[in-house]
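These notes concern the structure reproduced below.
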Amino acid sequence: MRLYITVAIFITFSIMNVFSQDLSGVWHGIAKTPDNKEITFVFLLEKNGEVYTSTMAIPTFNVDGIKPKSTSFEEGTLLIDAPDLGMKYEGIWNKTTHLFEGNYNEGSVKLVLNLKKGNPIIAKIIRPQEPIEPYPYYEEDVTFDNAEAGVSLSGTFTRPSKKGKYPVVVLISGSGRTDRNGSSATHRPFLVLSDYLTRNNIAVLRYDDRGFGESTGDFSKATTADFAQDVLSAVHYLKSRNDIDTKKIGLIGHSEGGIIAPLTANQTDDVAFAVLLAATGIPGNEVALMQTKTIRSFPVPDEAAFEQNVRKSHDILLSNKSIPEIGRELFAHNTAFLTPILKSLGAPDANISKFIENETKTSLKPWTRYFLSYNPSVEIEKLQIPVLSLNGSKDQQVNAAINQNAIRAALIKGNNMNYKVLELENLNHMFQECKTGDINEYKDIEQTISPMVLEIISNWVLSVTK
């Protein structure tokens with residue numbers, strides 16, 4: 001899940017009476033973002049002796065099965081902590097309201113979240129493109145290992161029911177923790193894509209990201225390069241199966257997955273083709289700068305100064321200094337740069353300081369520093385396999401024209417003789433037919449993926465695997 005929020009929200013509490021009952025059961029709450037969007041959280045608390053465990057779901061984003069590392073309840077305070085995922089909830093029991101009143105934290109994001117016991121009332125959202133069981137093809141839950149990283153990855157393999165050796169694709173998710181269905185904004189695009197491809201005689205392997213769902217590992221410490229090793233493990237696993245054509249293994253990556261695919265393919269001779277969906281072709285620091293400007297939900301008095309300060313933040317992060325030194329320098333810069341902006345939005349001083357502190361910590365994570373320094377064109381240029389690159393013209397997260405120009409130039413420079421680069425009209429980052437392309441529009445669109453895109457991908461894969 002990715003939340004684009006400008007100012008963190010904090011709340012102070014009076015001393016509450018200690019809650020003495022067993023907390024076991026379902027608890028839920030609804031948090032509101034500064035732009036008044038609602039996010040529903042659900043926690044299943046279970047008690048074994050004196051020890052609590054919890055399982056977390058976020059129905060708003062079709063996310064479930066999150067397993068926080070620790071859950072505790074002491075002196076009226078409920079603490080649910082998932083440091084490997086950068087997530088934490090802390091709430092204090094209010095005897096009068098019968099609520100846990102507290103904050104949900106994810107990276108630099110902080111939301112007021114009060115939990116009440118019981119199941120939430122959630123209106124079921126019908127997504128007409130999602131398949132309904134029983135499926136007319138073979139489906140199998142699988143696990144495979146990235147032994148070097150000590151990670152076990154869980155996923156779903158599908159193929160046509162008729163026995164044979166089929167071309168196969170590995171689906172690679174974009175940035176942020178994602179399950180095997182690519183669940184995002186109440187849609188499950190990888191489920192829809194997998195279903196379509198399998199019905200068209202293409203086998204599919206999709207899996208939960210490391211440290212998420214049923215897969216093990218620490219997501220918060222991983223970089224794009226680490227995720228490429230997970231994909232490589234998926235390719236190696238597929239080679240062990242007797243129901244796929246091992247000479248026709250391909251990769252389909254969305255967003256960050258679109259830059260992971262070339263990085264993976266160049267490390268093995270076992271990848272026969274690649275599909276890049278909403279992929280970037282320019283350096284990560286340029287992508288981040290563009291996203292900061294296009295996704296930003298607040299005005300700035302001087303756009304040129306804002307851009308200059310963002311670039312300086314990147315320069316500090318990518319310096320060769322020690323991490324503690326980079327952290328101190330970045331915090332000082334962020335304080336000088338962001339404080340006037342946040343003050344103009346009415347944020348209290350205490351909240352501003354905490355926000356900047358959290359923002360700095362998030363920026364220091366391995367993934368951020370790797371992404372900012374990574375230029376996907378270097379790997380795209382090396383590709384000598386068939387490549388299909390698709391981008392939506394209304395994508396506000398990855399500019400189609402700028403990135404496709406870079407992707408095309410890299411393929412030409414590398415003398416790739418079999419590629420197709422297409423900009424598709426009126427499609428957003430999720431490849432939905434849309435009005436604006438705005439992130440907040442994703443969940444309001446009934447369509448999960450444009451049928452045209454499904455057909456283009458399927459026909460192209462079948463054409464290069466004849």
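The values are calculated or read from the model by the stated rules, or taken from the named source; none is laboratory data. Every value quoted in this text rests on a predicted model; they were computed, and no experiment measured them. Using ideal geometry, Cβ is built from the backbone for each residue, glycine included, and neighbour counts are taken over all protein chains shown.
Every condition in (1) under 21 Å from Asn36 (Cα atoms); (2) among the polar types (S, T, N, Q); (3) at pLDDT 90 or above is met by Asn94 except one, and the failing one is (1). Of the numbered criteria (1) in contact with a strand residue (DSSP E or B) (Cβ under 6 Å, 6 or more places away or on another chain); (2) touching a residue at least 40 places away in the same chain (Cβ under 8 Å); (3) buried (at least 21 other Cβ atoms within 10 Å of the Cβ), the one Asn428 fails is (2). Within region 52-72, none of the residues are in contact with a strand residue (DSSP E or B) (Cβ under 8 Å, 6 or more places away or on another chain), closer than 28 Å to Phe298 by Cβ and among the small types (Gly, Ala, Ser). All of Ala288, Ala279, Ala305 fail the test of being touching a strand residue (DSSP E or B) at 6+ places or on another chain (Cβ under 9 Å) and either part of a helix (DSSP H, G or I) or at pLDDT 95 or above (or both), apart from Ala279. Evaluating Ile92 against the criteria (1) surrounded by fewer than 17 Cβ atoms within 10 Å (Cβ to Cβ); (2) more than 19 Å from Asp209 (Cα to Cα) leaves one unmet condition, (1). Identify all residues within region 127-136 that are touching a residue at least 60 places away in the same chain (Cβ under 8 Å) and either surrounded by fewer than 12 Cβ atoms within 10 Å (Cβ to Cβ) or charged (D, E, K, R) (or both); write none if there are none. Passing the criteria: Arg127, Pro128, Glu130, Pro136. Residues in region 99-136 that are assigned to a loop (DSSP other than H, G, I, E, B) and in contact with a strand residue (DSSP E or B) (Cβ under 7 Å, 6 or more places away or on another chain): Gly118, Asn119, Pro120, Ile122, Arg127. Exactly one residue out of Glu148, Glu139, Glu106 is exposed (fewer than 13 other Cβ atoms within 10 Å of the Cβ), out of contact with any His (no Cβ under 8 Å at 6 or more places or on another chain) and not aliphatic (A, V, I, L, M): that is Glu148.
For (1) outside the structural domain of Leu251 (by TED's automatic domain parsing); (2) out of contact with any helix residue (DSSP H, G or I) (no Cβ under 7 Å at 6 or more places or on another chain); (3) free of Cβ contacts under 8 Å to residues at least 24 places away in the same chain; (4) within 28 Å of Tyr442 (Cα to Cα), each residue gets a yes or a no:
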| residue | (1), (2), (3), (4) |
| --- | --- |
| Leu364 | yes, no, no, no |
| Lys382 | no, yes, no, no |
| Lys394 | no, yes, no, yes |
| Ala410 | no, no, no, no |
| Gly414 | no, no, no, no |
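Exactly one residue out of Gly250, Gly213, Gly257 is out of contact with any Leu (no Cβ under 7 Å at 6 or more places or on another chain) and on the phi > 0 side of the Ramachandran plot, and it is Gly213. Looking for whichever is under 20 Å from Leu462 (Cα atoms) and aromatic (Phe, Trp, Tyr) here; the options are Tyr135, Tyr166. Which one fits? From the options Tyr135, Tyr166, the qualifying one is Tyr166. Taking the criterion of being of a type outside the set (A, V, I, L, M, F, W, C), modelled with pLDDT under 75 and over 20 Å from Asn105 (Cβ atoms), the residues of region 9-59 that qualify are Ser14, Asn17, Ser20, Gln21. Over 20 Å from Thr268 (Cβ atoms) and surrounded by 22 or more Cβ atoms within 10 Å (Cβ to Cβ): is that true of Leu191 in this structure? It is true that Leu191 is over 20 Å from Thr268 (Cβ atoms) and surrounded by 22 or more Cβ atoms within 10 Å (Cβ to Cβ).
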